[in-house]
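Colleague: Shown below is the structure under consideration.
Computed from the coordinates by the stated procedures, all read-outs in this text should not be read as laboratory data. In this text the structure is predicted, and so the values were computed from the model without any measurement. Cβ atoms come from the backbone with ideal geometry, glycine included; neighbour counts cover every protein chain shown.
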């Protein structure tokens, strides 16, 4: 399975970049929601304003509630800008945008669903698409969009949103989950070669020790069970397989998984990383403020540095996340990203589909504007958008983008599609080891929890 995925990742580089890279409380009122809120007229709205409308009467607008996760401020501004543009150019549809903080998403979504007011369109990451599609939570888009929009996607990314030959989302972006950022000036001051960043786990720990001085820590990295659960997917699959067997019948945690736990335990036991995280994994503030000399973060991190910490950019180096043996052709990251989905009980699928098509699959300039906003730290899944970016002088001269394109994306894999409970079991094992449990004990407990989950849920029968 991993060999096939690695081949797919290489195809993604060839296809997705050419010579470059492809990389929320509900709105009330009359619009209703995905799970059955009241429509303005009390019956299903139609895009032509309803059969009862006369030629002289104003057409009744169909309201589509749209929730997005809260990302960077620049991304929120981009969403607002283009939702406003859609509403100006579509007299029969009004999209109501709600931006939801990540830590409040689950609670707000569950409350909205319970009240029958879930949004009709919302953002979802790739790892959740297939499991949700299996449970009927999303509506296939195929009936409500022009079939031609799928041809513009790079084939490997299209696979992220397919289940039983139907498309359950439209991709917005892809981004590697793990990149090593480092301060070249601090490397020099510590007697390290900025042109030769760490390639192995041992080298990373050694460099981190030398860099930890004068109130500066050596490394920012994931620091809790939730973060460990997803940020280590790439390094988990560096073993050649996922955390469960290919047939989803049992845990598959071998010696590599134990060594991965031991690696994180060393980072904290040897005080390379601060015992108390200075900020979350996805935030580059500690690095930008000079509180850490190295940071493992996603490709989006360079965008934050370019927006908020321009003064340190000349001293920022970027490299692949180190691996056990330094083999850069083995995975150290996954290709995550975001998409738009349609709720399984959306009341206005035609209008929701029109919005998704216009926003993500329409004029390439909409998405080019997004990638400019993100400082080209994320990458397009569409060929036409990639071609437009290739013509941008800023993108052409971006050495960080080039490095990620050539040295990380070709070997990055798709995120696992199995249940989050499995990922969380392993992430919790790393957290327990950092808190004092031995790697072997932590691994054994994770294996037990995963096998119990598989047995309880007859999980082998649910493999896509």
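Colleague: Once the piece of chain linking residue 406 and residue 135 is laid out straight, how much longer is it, given 0.36 nm per residue of separation minus the C-alpha distance between them?
Modeller: Values: separation 271, 0.36 × 271 = 97.56 nm, distance 3.72 nm.
Here the segment from residue 406 to residue 135 would lengthen by 93.8 nm.
Colleague: Take the alpha-carbon positions of segment 274-414, form their convex hull, and give its projected area averaged over all directions (one quarter of the hull surface) in nm². Walk me through the intermediate numbers first.
Modeller: Working: hull surface 45.3 nm².
Hull-based average projected area comes out at 11.3 nm².
Colleague: Could you give the length gained by full extension between residue 70 and residue 372, i.e. 0.36 nm per residue of separation minus their alpha carbon distance, to one decimal place? Display every interim value, and only then the final one.
Modeller: Values: separation 302, 0.36 × 302 = 108.72 nm, distance 1.82 nm.
Going from the current span to full extension adds 106.9 nm.
Colleague: I need the Kirkwood Rh of the chain: take the reciprocal of the average 1/r across all distinct C-alpha pairs and report it in angstrom. All intermediate terms of the calculation are to be shown ahead of the outcome.
Modeller: Working: mean 1/r = 0.0431 Å⁻¹.
One over the average 1/r among Cα pairs gives 23.2 Å for the chain.
Colleague: Then there is this: In what sequence do 244, 261 fall when counting other Cβ within 10 Å, fewest first? The partial results should precede the final answer.
Modeller: Details: 244 24, 261 27.
Result, fewest neighbours first: 244, 261.
Colleague: With the Cα gyration tensor of segment 114-232 in hand, give its eigenvalues times 5 under a square root as the equivalent ellipsoid semi-axes, listed largest first in whole angstrom.
Modeller: Equivalent ellipsoid of segment 114-232: 44, 18, 12 Å, largest first.
Colleague: Follow-up question, since we're still on this one. Please state, rounded to one decimal and in Å, the Kirkwood hydrodynamic radius that segment 345-464 gives when every pair of distinct Cα atoms enters the mean of 1/r. Spell out each step's value before the answer.
Modeller: Details: mean 1/r = 0.0534 Å⁻¹.
Result for segment 345-464 stands at 18.7 Å.
Colleague: Right, something else. Along the Cα-to-Cβ line of residue 283, 7 Å from the Cα, sits a label point; which residues in segment 79-116 have backbone N less than 19 Å from it?
Modeller: Only 100-106 fall inside the zone, counting backbone N under 19 Å.
Colleague: How do the peptides 231-238, 188-195, 264-271 rank, highest first, by the average count of neighbouring beta carbon atoms within 10 Å per residue? If you can, show how the numbers build up before the last one.
Modeller: Values: 231-238: 25.1, 188-195: 13.0, 264-271: 17.9.
Ranked by mean Cβ neighbours within 10 Å, highest first: 231-238, 264-271, 188-195.
Colleague: Calculate the FRET efficiency for residue 115 and residue 87 from the Cβ-Cβ distance with a Förster distance of 22 Å, rounded to the nearest 0.05. Provide the component values of the computation, followed by the final result.
Modeller: On the way: r = 25 Å, r/R0 = 1.12.
The calculated FRET efficiency here is 0.35.
Colleague: For 220, 90, 256, which order do you get if you count the other beta carbons within 10 Å of each Cβ and list the fewest first?
Modeller: Sorted ascending by nearby Cβ count, the order is 256, 90, 220.
Colleague: Which residues does the label zone of residue 151 cover in segment 354-378, counting backbone N under 17 Å from a point 7 Å along Cα→Cβ?
Modeller: Residues passing the 17 Å test: 361-364.
Colleague: Okay, moving on. As a check on your grasp of the helix formula, calculate [θ] at 222 nm for the chain: sum -39500 (n - 2.57) over DSSP H runs of n ≥ 4, divide by the residue count, round to the nearest 500.
Modeller: Working: 19 runs with 185 residues, N = 464.
Taking each H run of at least 4 residues, the total per residue is -11500 deg cm²/dmol.
Colleague: Need one number: nm distance between label points at residue 103 and residue 309, each 7 Å from Cα along Cα→Cβ, rounded to one decimal.
Modeller: Placing both labels 7 Å beyond Cα along the Cβ direction yields 2.1 nm.
Colleague: While we're here: Which order do the peptides 425-437, 148-160 take when ranked by the mean count of other beta-carbon atoms within 10 Å per residue, highest first? The partial results should precede the final answer.
Modeller: On the way: 425-437: 21.5, 148-160: 17.8.
So the peptides 425-437, 148-160, ranked by packing, come out 425-437, 148-160.
Colleague: May I ask you to compute the full-extension gain from residue 77 to residue 125, defined as 0.36 nm times their residue separation minus their alpha-carbon distance, rounded to one decimal in nm?
Modeller: Working: separation 48, 0.36 × 48 = 17.28 nm, distance 2.00 nm.
Between residue 77 and residue 125, full extension yields an extra 15.3 nm.
Colleague: Based on the alpha carbons, how large is the Rg to Rh ratio for segment 120-161 when Rh follows Kirkwood?
Modeller: On the way: Rg = 11.0 Å, Rh = 11.5 Å.
Rg/Rh: 0.96.
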